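Q: I'd like to ask you about the structure that follows.
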Amino acid sequence: MSHIFSDVSNRIVRSEIREILKWTRKPGVISFGGGLPDPDLFPLKDITDITKNVLDQKGYLALQYGPTKGEDVMLEALVKHMSEFGDEAALEEVAVTSSSQQGLDLLSLLYLDEGSPVVMELPSYLGAIQAFKRCGADMRGVPLDEDGMDLEMLKKTLTELKEEGKKPRFIYTIPDFQNPSGITMSLEKRKELLQICIEEDIPIVEDSPYRELSFTNEILPSLWMLSGKKGVIMLKTFSKVLFPGMRMGWLVGEPDLIDKMVMLKQSVDLCTPSFNQLILAEFIQMGKMKQTIDNAIRCYRPKSAAMLNALEKYMPDQVSWSKPSGGMFLWVKLPESIDTKEIFMTAIEHNVAYVIGRPFHCDSSGNHTLRLNYSFPSIEQIETGIKQLAETIKKVL
């Protein structure tokens with residue numbers, strides 16, 4: 001039987017990263033590859049107790065279809081959670097999603113047609129690149145400085161698009177502890193970016209999965225709050241600060257935009273599981289979420305320091321890296337003559353794995369870059385793994 005596939009399906013290619021990461025299962029390999037939380041942080045006892053309580057008291061709701069926008073108790077819990085980290089939102093400005101990846105999916109459905117221009121950081125989150133590419137978007141990358149997006153290059157990119165008779169549907173940014181770079185956008189750049197977007201009448205998509213994971217007890221104001229809650233759509237998730245298995249995220253935006261995305265969500269999955277929502281709502285209202293995040297910060301702060309110290313100790317002078325103050329990742333640049341995909345198997349021979357940098361670039365550049373994760377491995381594995389990675393790089397150099 002012959003099959004005629006859609007244009008959308010033909011734009012999707014197998015992930016280079018997924019193909020490479022199968023080697024991380026080799027016995028003895030220390031992996032800095034995935035973006036996995038430390039499983040020792042999972043609050044298994046609390047979730048077990050709350051799950052029983054939800055089934056005993058609200059089982060008839062938990063196991064039934066729920067509202068597309070989200071259960072009322074979950075929406076209230078999300079508003080409470082955000083307020084604890086400096087972000088205010090009304091109930092009509094929030095909608096539950098099945099992880100923030102679904103938020104990217106809904107965003108793409110709402111804004112993007114084939115050829116629609118999108119401006120994003122270079123490098124940027126792979127999942128966003130995949131979602132936008134599937135729609136056939138014309139992605140334009142703007143390089144990152146140490147304090148966020150290069151705004152002079154952004155202005156140049158916007159001018160070039162104007163000359164082509166095009167206007168971006170939105171600017172996509174991850175301002176806090178960016179994936180993959182670990183870089184945080186400065187307060188000055190946040191304000192300037194907002195001013196540019198007001199002048200050019202371009203929406204901002206603020207992806208914010210790591211915002212709560214600050215190692216310095218300082219969290220800069222979000223673009224959502226700095227904008228006065230106008231012209232910004234925020235994507236949030238509990239996958240990084242709690243656990244990814246429940247696939248629980250949410251959208252924050254102006255009520256008319258939220259309403260449009262809820263209508264689109266009806267055609268995607270009808271609703272996010274009420275069972276998961278009721279469990280997490282109670283978890284948040286009990287104060288357990290804040291406690292879990294505090295535990296994660298205490299866990300990841302020394303791991304990040306251990307990786308930075310090991311890089312300083314073992315890496316050759318030709319290698320540079322970012323110095324994150326939160327989140328789960330840092331970014332490494334090798335000499336441009338070295339392709340990190342080509343040397344990956346050499347690293348595996350040294351029993352260490354990483355994620356290559358090219359897939360994080362919407363323009364397919366970044367061959368000489370790689371991403372390292374420090375949240376999942378132990379401090380001992382970080383020390384050993386970075387030493388082995390340095391030996392790999394020295395061998396190639």
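Q: Arranged from highest to lowest average of other beta-carbon atoms within 10 Å per residue, in what order do the peptides 148-157, 94-103, 194-203 appear? Walk me through the intermediate numbers first.
A: Numbers: 148-157: 17.8, 94-103: 24.4, 194-203: 14.9.
Per-residue Cβ counts within 10 Å, averaged per peptide and sorted highest first, yield 94-103, 148-157, 194-203.
Q: Could you tell me what fraction of 2.2 N^0.38 Å the Cα radius of gyration of the chain comes to, as a two-decimal ratio?
A: Rounded to two decimals, the normalised Rg is 0.99.
Q: If you don't mind, another one. Ranking request for peptides 361-367, 371-377, 219-225: highest mean number of other beta-carbon atoms within 10 Å first, then the rest in descending order.
A: 371-377, 219-225, 361-367
Q: If you average over every viewing direction, what projected area does the convex hull of the Cα atoms of the stretch 281-375 give, in nm²?
A: Average of the hull's projected areas for the stretch 281-375 equals 8.2 nm².
Q: A follow-up question, please. Please report, in whole Å, how far the alpha carbons of the stretch 58-105 spread along each principal axis, starting with the longest.
A: Principal-axis extents of the Cα atoms in the stretch 58-105, largest first: 35, 27, 16 Å.
Q: Which of the lysines could be linked to residue 333 by a straight reach, that is with a Cα gap under 21 Å, when you skip same-chain ones fewer than 8 residues away?
A: Those lysines meeting the cut-off are 303, 313, 323, 341, 387, 394, 395.
Q: Residue 92 to residue 267: FRET efficiency via 1/(1 + (r/R0)^6), r the Cβ-Cβ distance, R0 35 Å, to the nearest 0.05?
A: Computed FRET efficiency for residue 92 and residue 267: 0.95.
Q: Moving to a separate point now. To the nearest 20 Debye, how big is the dipole of the chain about its Cα centre, given +1 on the beta carbon of each Lys and Arg and -1 on that of each Asp and Glu? Before the final figure, lay out each step's value.
A: On the way: 45 positive and 55 negative charges, 216 e Å.
The dipole of the chain has a size of about 1040 debye.
Q: Skip the ligands, DNA and RNA, and give the accessible area per residue of the chain with a 1.4 Å probe, whole Å². Before the final figure, lay out the partial values.
A: Numbers: 17430 Å² over 397 residues.
Heavy-atom SASA per residue in the chain reads 44 Å².
Q: Separate question: I'd like the distance between the alpha-carbon centres of the stretch 352-397 and the stretch 63-102, rounded to an integer number of Å.
A: The two parts, judged by their Cα centres, are 36 Å apart.
Q: Place +1 on the Cβ of every Lys and Arg and -1 on the Cβ of every Asp and Glu in the stretch 201-315, take the dipole about the Cα centre, and give the residue among 309, 249, 264 whose Cα lies farthest towards its positive end.
A: Going by the charge dipole, the pick is 309.
Q: Okay, moving on. Hey, any idea what the orientation-averaged projected area of the convex hull of the stretch 88-242's Cα atoms comes to, in nm²?
A: The Cα convex hull of the stretch 88-242, projected and averaged over all directions, gives 8.9 nm².
Q: Now for a separate question. Rounded to the nearest 500 deg cm²/dmol, what is the calculated helix-only ellipticity per residue at 222 nm for the chain, with -39500 (n - 2.57) per DSSP H run of length n ≥ 4?
A: So the calculated ellipticity at 222 nm is -13500 deg cm²/dmol.
Q: Just read off the accessible area of residue 259 with the full protein assembly in place, 1.4 Å probe, to the nearest 10 Å².
A: 90
Q: Using Stokes-Einstein with the Kirkwood hydrodynamic radius over Cα pairs, what translational diffusion coefficient do you get for the stretch 268-329 at 20 °C and a viscosity of 1.002 mPa s, in µm²/s rounded to a whole number?
A: Stokes-Einstein gives a translational diffusion coefficient of 143 µm²/s.
Q: As I understand it, the dipole of the stretch 285-388 uses +1 on the Cβ of Lys and Arg and -1 on the Cβ of Asp and Glu, about the Cα centre. Which of 293, 356, 332 lies farthest toward its positive end?
A: 293
Q: With the crude spin-label approximation of a point 7 Å out along Cα→Cβ, what separation in nm comes out for residue 318 versus residue 25?
A: A separation of 3.5 nm, rounded to one decimal place.
Q: Something else about it: Using 0.36 nm per residue, how much length does the chain from residue 12 to residue 216 gain when fully extended, once their Cα-Cα distance is taken away?
A: Working: separation 204, 0.36 × 204 = 73.44 nm, distance 3.93 nm.
Taking residue 12 through residue 216 to full extension adds about 69.5 nm, to one decimal.
Q: Provide the net charge surrounding residue 332, with neighbours chosen by a C-beta distance below 12 Å and charges set as Lys +1, Arg +1, Asp -1, Glu -1.
A: Charge balance in the 12 Å sphere: +3.
Q: Any idea which of 219, 183, 196 is furthest toward the positive side of the dipole for the stretch 155-222, if Lys and Arg beta-carbons carry +1 and Asp and Glu beta-carbons -1?
A: 196
Q: So between residue 186 and residue 145, what do we pick up on full extension, going 0.36 nm a residue minus the alpha carbon distance? Before the final figure, lay out the partial values.
A: Values: separation 41, 0.36 × 41 = 14.76 nm, distance 1.02 nm.
Extending this stretch completely gives an extra 13.7 nm.
Q: Can you send over the carbon and sulfur percentage of the accessible area for the chain, probe radius 1.4 Å, protein chains only?
A: The C+S portion of the solvent-accessible surface of the chain is 52 percent.
Q: On a full-extension model of 0.36 nm per residue, what is the gain between residue 159 and residue 199, subtracting their alpha-carbon distance, rounded to one decimal in nm?
A: Contour length minus Cα-Cα distance gives 13.1 nm.
Q: If you average the alpha carbon positions of the stretch 109-131 and of the stretch 205-247, how far apart do those two centres end up, in angstrom?
A: What the calculation gives is 19 Å, centre to centre.
The values are calculated or read from the model by the stated rules, or taken from the named source; none is laboratory data. Everything numeric here is computed off the predicted structure, so don't read it as measured data. Cβ coordinates were reconstructed from backbone atoms using ideal geometry, including for glycine residues, and neighbour counts include every protein chain displayed. Keep in mind that these areas ignore ligands, DNA and RNA; they rest on the heavy atoms of the full protein, side chains included. Shrake-Rupley method; radii C 1.70, N 1.55, O 1.52, S 1.80 Å.
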